[in-house]
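This report concerns only the one structure given below.
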Amino acid sequence: MTEQNQGGRQAQPPADPRTSWATWTTQSIISGPGGVTTAEVGPISGDLTVHTTWVDGEARLTVQYTGALDWYTVAGSPVPAADETTARAIHQAMVNGVKTGRGASAPSAGT
């Protein structure tokens, strides 16, 4: 017997949650002059860690002093990211932005 939904169509199993989110962390990035701009405390610089979470069609970018407990939202985050590949590219662009410094903020989705 096949399960059916209220519309009389065959019920589909829920999407595999492993395919609908992802995270990346890059540690110990020495920021360029001017560092990264955060929503909470303004610019931070030095030895930084970048973390990106891709969920619900957006890349959420955070940064911390490497080894610290507090995470800060990167200015301009979240960034629309329709798929995991786009979100990974946004993460890498943010890592590159940290290295450049100059008050780096979240890269655009077209990165």
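Each reported figure results from applying straightforward, stated rules to the coordinates on display, with no laboratory input. Just so we're clear, the structure is a prediction, and the values are computed from it rather than from any experiment. No Cβ is skipped: glycine too gets one built from the backbone with ideal geometry, and neighbour counts run over all protein chains shown.
So here's what we get for this one:
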{"quantity": "Backbone N under 19 Å from the Ser20 label point (7 Å along Cα→Cβ), restricted to the range 32-65", "calculated": "53-60"}
{"quantity": "Simple spin-label estimate for Asp56 and Glu40 in nanometres, 7 Å along Cα-Cβ", "calculated": "1.9 nm"}
{"quantity": "For the range 21-100, alpha-carbon Rg and Dmax in angstrom", "calculated": "11.6, 33"}
{"quantity": "Cβ crowding within 10 Å averaged over residues, with 20-26, 72-78, 54-60 ranked highest first", "calculated": "72-78, 54-60, 20-26"}
